[in-house]
Amino acid sequence: MDARSLSIDGLPVPFDDGQTIMDASLAAGIFIPHLCHHPQFTPQGSCKLCTVRANGRYVSACTMPASEGMEVESNTPELNDKRRTMLQMLFVEGNHFCPSCEKSGDCLLQALAYELEMLGPHFPQFYPDRPVDASHPDVLLDFNRCILCELCVRASRDVDGKSVFALSGRGIGKHLIVNAESGRLADTDFSLADKAAHVCPVGVIIAKRRGFAVPIGQRRFDGEPISRRVDWLARRRADDEEEQ
Amino acid sequence: MDATSPRTLETAPPGDTELRRVSIDPLSRVEGHGKITLLLDADDRVQQVRLHIVEFRGFEKFIQGRPYWEVPVMVQRLCGICPVSHHLAAAKALDHVVGAERLTPTAEKVRRLMHYGQILQSHALHFFHLASPDLLFGFASDATRRNIVGIAAAYPEVARQGVLLRRFGQEIIRLTAGKRIHGTGAIPGGVNRALGDEERAALLAEIYTIIGWSRQSVHLVKRLHTADPELYDGFGTTPSNLLSLVGAGGALDFYDGRLRARDAGGKLLVDGCAVRNYPELIGEEVKPWSYMKFPFLAALGPERGWYKVGPLARVQNCDSIATPLAEAERREFVDHGQGRPIHAPLAYHWARMIEMLHAAEAIKNLLHDDELSGSELLTAGPRHHEGIGVIEAPRGTLIHHYQVDDDDLVTMCNLIVSTTHNNQPMNEAIREVARRHLDGRRLGEGLLNHIEVAIRAFDPCLSCATHALGRMPLEVELVDCLGQRIAQLRSSG
C-alpha cells in the first residue's frame with residue numbers, strides 16, 4: 001500500500017492509520033506548540049495551544065486524526081498570534097514568577113512563551129491566592145503554577161492506578177485538587193516514584209530539596225528552543241525525569 | 001543634646017510655620033529610589049534635613065510560605081547591583097537549615113570567587129560610573145557632563161578601565177552563577193557547579209591586568225585626597241561607631257567571620273561576636289518619615305549606638321588584609337588617620353578601592369587553586385529550623401535570618417541590609433554638609449549636588465533596604481501647625 005501523507009505548512013508528512021496530526025508532526029520532527037499533550041497519554045485537546053487549520057477548519061492537532069491529503073497550516077502569524085494570546089491568559093490566571101521558579105529553563109510554558117515571543121502578559125494579572133501544599137515529605141505542590149493540563153490527573157489514574165489528582169470547579173473557578181478528605185497530599189498514597197510526580201510541564205509538582213541543583217546552561221531549554229527539541233517531545237515516556 | 005549636636009537638624013524646631021521646603025527628588029546616581037528634603041527659613045538657614053526612602057519592597061513578608069531552597073534565588077531579586085550578596089547570605093543562612101555546618105572546599109571557594117567577583121564589579125561600578133564624575137569634575141561642575149559619558153570624553157582611559165573592571169567581575173559571576181545577574185550558583189549546602197580548567201585559564205589571562213588597574217584606582221583616589229585634604233577629610237564628616245565582620249585573626253573577610261564593633265575613637269566595643277547573636281547586638285528604630293529602619297548597637301541605645309558599615313568600617317575594623325598589595329594600601333590609609341579612625345564620607349572611596357584591589361588579588365589566588373575545579377559540591381547534615389547568614393556585601397554587613405518549618409516552608413524572614421545600617425550616618429552626613437555648605441546660601445543645583453555627593457559616598461542601595469512588614473513597631477503622631485502633638489498611636493513589634 002502506498003504511504004499516506006498530509007501536508008503541514010506545505011511540507012509532505014507521512015502518517016499511519018490511527019495517528020493524529022500531532023503524532024504525524026512529532027514523528028516527522030515538525031514542531032506544533034502544545035502543553036497538555038504527552039505521547040504516553042490519551043490526548044484531550046484542552047490547552048488549545050496546538051490549534052491548527054486543517055483544510056481551513058480550526059482543530060486541535062493532538063485530537064484530530066490525520067487523513068490523506070489533509071492540508072494543515074500551523075506556523076502562521078495568525079495562529080501564532082492566537083497561541084500567544086492563550087499563553088498570556090495562562091500566565092495571568094496563575095502566579096508564574098519565572099525569576100525564582102526552580103522549573104525555569106525546564107518549563108514548557110516558559111519555553112513556549114519564549115518560542116512565541118511573548119513579551120509581556122498583556123492582560124491584567126489575576127493574582128489568585130493559592131497556598132502551596134508542602135505536607136508530603138518528598139513532594140511540594142505549588143498550585144500557583146497550575147495550567148490545568150491534567151497530565152498529573154491522567155498519569156496518576158492511568159499509569160499509577162491511584163487517582164491522586166482531579167480537577168474541581170467549573171469555568172474560571174476550575175482548579176487542581178488532591179484526592180484526600182483533608183485535601184493534603186500527605187494524606188494520599190502519592191509517591192515520588194509515581195509517574196504523576198514527573199509529568200508536570202510547569203512547576204506544580206516539585207521534588208523537594210532539589211531546586212536549582214541543575215546549573216544554568218544545563219537545563220533542558222538552555223541550549224536550544226523548544227521548537228528544536230521535537231525529538232525529546234516525541235519520545236517522552238517513562239523516562240521523563242532522567243531525559244534531558 | 002546641645003545645639004551643636006549633629007542630630008539637631010533631624011526635625012525642625014516647632015513653631016516656625018514659614019519654612020520653605022526644598023526637595024532633591026529623585027536622588028541620582030544611587031541604586032533605588034530616595035529623596036532628600038530640606039526645610040529652610042526666611043534667611044535660608046537650614047532647619048531640617050532628611051533622607052527619605054520612599055520605595056517599599058517587602059521581601060521579608062512575601063518570602064514567607066515559600067520553600068527554603070527557593071530563597072537564595074528569590075531574595076537576590078531585591079537588588080540589581082549586588083544580587084550575589086543576597087544570594088550568598090541567604091544560602092549561608094540555609095546551609096544551617098540543611099545541616100551543612102562546613103561546606104566542601106570546592107563549594108566554599110566557588111562561593112568566595114563569586115563574592116569577590118561581585119565586590120569587584122560593584123565597587124568598580126560605584127566608583128567609575130556613579131562617583132567619579134563628582135570627584136574628577138568637581139561637585140558643582142557642569143551637570144550635563146557630570147556623568148560616565150562625560151568621564152569617557154575627558155578621561156577615556158579611566159572610563160575604559162572602569163568599564164572593563166566591572167566586566168571582569170561580572171564574568172566571574174557568570175561563570176560561577178550561570179548568569180551575570182540573578183544566577184543560581186549557590187544552593188543550600190553548597191553550589192551547583194565548579195569552574196572548569198578552561199574557564200580558570202581564561203580568567204587568569206586577564207587577572208594581572210585587573211590587579212594593575214585596581215591598584216591604579218587606589219592611587220587615583222589617594223591623589224584626590226592629597227590634592228585637597230581639607231575637602232576630602234572634612235566634607236560631611238561625622239564620627240560614629242564602626243561595625244563589620246572580621247575573619248580569622250582579625251583579617252578583612254567579605255565572606256565569613258565574626259562581628260566586631262569599634263567606637264568613633266577606634267576602641268573595641270565588641271569583638272568575636274558570633275553572627276547568631278546579632279539580635280542581641282543590634283536594635284532597630286523606626287521613624288515615621290522613612291521606610292528604612294535605623295539600626296543601632298543595642299548596648300548603647302539609638303542616640304549613641306548608630307554606626308557605619310561598608311568599606312570605611314571594614315578597612316579600619318580589621319587588623320590586616322591577607323593580600324600584600326591591598327595590605328600595603330590599608331596601612332597607608334590607616335596612617336592617614338594619624339592614630340584615629342577616619343570618618344570622612346569621601347574616604348569611603350579610598351577604602352572601597354583598597355577593597356577592590358584585595359578582591360582582585362584574592363581572585364588571582366583562587367584561580368590558581370585546583371580545588372576550585374573539584375567535584376564535591378554539596379554537603380548536608382541534621383536538619384535545623386533556623387539559619388542566620390551574615391556576609392560583607394559591597395555596601396556593608398548584610399544579615400539574613402530565616403526560620404523554616406517541618407514542611408520545608410519559610411515561616412520567618414528578617415533582613416538587615418547594608419544600606420539600612422548606614423541610615424543614620426547618611427542622615428548625619430547630609431546634615432553636616434547642609435550646615436557647612438548650604439546654610440544661609442541661595443540654593444542652586446551645584447550646592448544641592450553637595451548633598452548627593454555625601455549620600456553617594458556611602459554607595460547606598462535604597463531598593464535593598466525596605467522590607468519589614470506586618471509587625472513593625474510603629475508610632476504615628478498627629479501634630480498641629482505649631483508642632484504640638486494632638487494625638488498619638490503606637491504599635492509595638
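The values are calculated or read from the model by the stated rules, or taken from the named source; none is laboratory data. Quick caveat: nothing in here was measured; it's all calculated off a predicted structure. Virtual Cβ from ideal backbone geometry, glycine too; neighbours counted across all protein chains shown. Only protein heavy atoms, including side chains, enter the accessible area calculation; ligands, DNA and RNA are left aside. Shrake-Rupley method; radii C 1.70, N 1.55, O 1.52, S 1.80 Å.
Among rounded, prolate and oblate, which fits segment B:59-425 when a ≥ b ≥ c are the square roots of the eigenvalues of its C-alpha gyration tensor, a/c under 1.5 means rounded, and a/b larger than b/c means prolate? Let's see the in-between values first.
On the way: a/c = 1.65, a/b = 1.20, b/c = 1.38.
Cα axes put segment B:59-425 in the oblate bin.
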What do you reckon, how do A:182, A:104 stack up by accessible area (1.4 Å probe), largest on top? A:182, A:104
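On the accessible surface of segment A:4-79, probed at 1.4 Å, how many percent belong to carbon and sulfur atoms? Could the numbers behind the result be given before it?
Values: 1630 of 3240 Å².
Using a 1.4 Å probe with all protein chains present, segment A:4-79 comes out at 50 percent carbon and sulfur.
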How about segment A:206-224: which of its residues lose at least 10 Å² of accessible area in the presence of all protein chains relative to their chain isolated, using a 1.4 Å probe? A:208, A:209, A:211, A:212, A:213, A:215, A:216
What whole-number distance in Å separates the alpha-carbon centres of segment B:72-99 and segment B:139-211? 20
With r as the distance between the Cβ atoms of residue B:445 and residue A:27 and R0 = 60 Å, compute the FRET efficiency 1/(1 + (r/R0)^6) and round to 0.05. 0.30
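Direction-averaged shadow area of the convex hull around the Cα atoms of chain A, nm²? Please list the in-between numbers first.
Numbers: hull surface 55.1 nm².
Computing the convex hull of the Cα atoms and averaging its projections yields 13.8 nm².
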In deg cm²/dmol, rounded to 500, what helix-only [θ] at 222 nm does the protein assembly as shown give when every DSSP H run of at least 4 residues adds -39500 (n - 2.57) and the total is split over its residues? -9500 deg cm²/dmol
At a cut-off of 40 Å², which residues of segment A:118-137 become less accessible once all protein chains are present than in their chain alone, using a 1.4 Å probe? A:132, A:134
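Expressed as a whole percentage, what fraction of the accessible surface of segment B:44-126 belongs to carbon and sulfur atoms when a 1.4 Å probe is rolled over the protein heavy atoms? Walk me through the intermediate numbers first.
Values: 890 of 1850 Å².
Heavy-atom surface of segment B:44-126 belonging to carbon and sulfur, 1.4 Å probe: 48 percent.
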A 1.4 Å probe over the protein heavy atoms gives segment B:260-347 a carbon and sulfur accessible-area percentage of 50
In chain A, taking the dipole from +1 charges on Lys and Arg beta carbons and -1 charges on Asp and Glu beta carbons about the Cα centre, the listed residue (A:137, A:58, A:183) farthest towards the positive end is A:183
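Tally the DSSP beta bridges in the protein assembly as shown and give the antiparallel ones as a percent, rounded to 5. Could the numbers behind the result be given before it?
Working: 68 of 74 bridges.
Looking only at bridges with both residues in the protein assembly as shown, the antiparallel portion is about 90 percent.
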Averaged per residue, what accessible area in Å² does segment B:200-258 show with a 1.4 Å probe, protein chains only? 39
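Compactness ratio of the protein assembly as shown: Cα Rg over 2.2 N^0.38 Å, N = residue count?
On the way: Rg = 29.4 Å, N = 737, 2.2 N^0.38 = 27.0 Å.
Compared with the compact-globule rule of thumb, the protein assembly as shown sits at 1.09.
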Using modelled amide H (1.01 Å from N, peptide plane; none on Pro or chain starts), what sits under 5 Å from the amide H of residue B:381, excluding residues fewer than 5 places away? B:99, B:100
Per chain A: cysteines with no other Cys C-beta under 4.7 angstrom? A:50, A:62, A:98, A:101, A:107, A:146, A:152, A:200
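In Å², nearest 100, what accessible area do chains B and A bury in total when the solvent probe is 1.4 Å?
What B and A bury together is about 1600 Å².
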Could you tell me which of rounded, prolate or oblate describes segment A:120-227, using a ≥ b ≥ c as the square roots of the eigenvalues of the alpha-carbon gyration tensor, with rounded for a/c under 1.5 and, failing that, prolate when a/b is larger than b/c and oblate otherwise? oblate
For residue B:340 the rounded accessible area (nearest 10 Å², probe 1.4 Å, non-protein molecules ignored) is 150
How would segment B:74-199 be classified by its alpha-carbon gyration tensor: rounded, prolate or oblate, with rounded meaning a/c under 1.5 and the a/b versus b/c comparison settling the rest? prolate
Excluding same-chain pairs closer than 8 in sequence, count the lysine pairs in segment B:59-425 whose Cα atoms lie under 17 Å apart. 5
Taking H placed 1.01 Å from N in the peptide plane, check which residues at least 5 places from residue B:386 or on another chain put their amide H under 5 Å from its amide H. B:404
